[in-house]
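Following: one structure in structure tokens, then a few remarks.
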Amino acid sequence: MAEQTDPAADPRHRVLTPSQGPGPYASMTLMYEGAENGVDPRSPGAFTVTGRVVDGVGRPIAPPDVLIEVLAGDQFVRALTDDLGGFSFTVRKPERVGLAGRGLQAPFFHVVLHVFPLPELHRTRMYFADEEAANATDPLLGYLDEGDAATLVAEVDGSGYRWEIRLSGDQQTAFFAAPGEPSLLDGGQTPSRPFREQLNV
């Protein structure tokens, strides 16, 4: 009788399967009424973030190719780009949170981009330009070079903020690989710092 083994412990079953982009049906399957609001737009402290998703030469990434997810604490947002690559969502500035052994981080949102047809999630952060003192001591922003750090900062725009996300080129937004997750764009190795993905544009 053949010896039975635990599939989870058998290296032959440890195969990295690809993730998927949002595809043309994201608006029907992943969006819902009010998905772009992390908080009630009429609540105290609520503001709107607007921006665009573009490629390395400034061309808009139009629907249905981009789904944006934004989260911090109990706030969660989903937004799609429009024909000009534009997006908008409503949130409240999150509280500062500590990083073990490194002190407080500046207020920020985690941001995940699903970009069709690219198989890998694009993870980054969004900080705020009017948090100069907090940004100056943030461990992650301090780790990045000045150019990369600037791509993560949303500028004040009236009563809200504006943030442009660039998927490639010299001013590409700094993206991150989650710890412990192999990066397909890095040959299966997990980068120790933000990677720059060069798309053919």
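A short reminder: the numbers here are calculations on the coordinates, not readings from a lab. Source: prediction; values computed, not measured. Neighbour counts are summed over all protein chains in view; Cβ atoms, including those assigned to glycine, are modelled from backbone coordinates with ideal geometry.
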Next item on the list: Within 10 Å of each residue's Cβ, count the other Cβ atoms and sort H122, H110 from fewest upward.
Entry: H110, H122
Note to self: Can you work out the Karplus-derived ³J(HN,Hα) for every residue in segment 115-122? Use 6.51 cos²θ - 1.76 cosθ + 1.60 with θ = phi - 60°, whole Hz, and x for glycine or proline.
What the structure shows: 10, 7, x, 5, x, 9, 5, 9
Check: With θ set to phi - 60° and the Karplus curve 6.51 cos²θ - 1.76 cosθ + 1.60, what are the ³J(HN,Hα) couplings of segment 108-113 in order, to the nearest whole Hz, using x for Gly and Pro?
Finding: 7, 10, 6, 10, 10, 10
Checklist line | Calculated Rg and Dmax of segment 19-173 using C-alpha coordinates, Å | finding: 15.3, 44
Check: How far is the Cα center of segment 146-164 from the Cα center of segment 30-46, in Å?
Finding: 20 Å
Notebook entry, point to check: When Y32, Y143, Y127 are ordered from fewest to most other Cβ atoms inside 10 Å of their Cβ, what list results?
Noted result: Y32, Y143, Y127
Note to self: Testing the spin-label approximation: label points 7 Å from Cα along Cα→Cβ at Q171 and S43. State their distance in nm.
What the structure shows: 3.4 nm
Check: If you bin every alpha carbon distance in segment 86-170 into 5 Å steps from zero, what whole percent lands in each bin?
Finding: 3, 12, 24, 25, 18, 13, 5, 1
Next item on the list: Would you mind computing, in nm to one decimal, how far apart the modelled labels at E146 and L30 are, each placed 7 Å from Cα along Cα→Cβ?
Entry: 3.6 nm
Notebook entry, point to check: What FRET efficiency comes out for the pair R59/D130, r = Cβ-Cβ distance, R0 = 25 Å, nearest 0.05?
Noted result: 0.25
Check: Residue separation times 0.36 nm, minus the C-alpha to C-alpha distance between E155 and D82: what's the value?
Finding: 24.2 nm
Notebook entry, point to check: Rounded to the nearest 0.05, what FRET efficiency is calculated for T50 and R102 with R0 set to 25 Å and r the Cβ-Cβ distance?
Noted result: 0.20
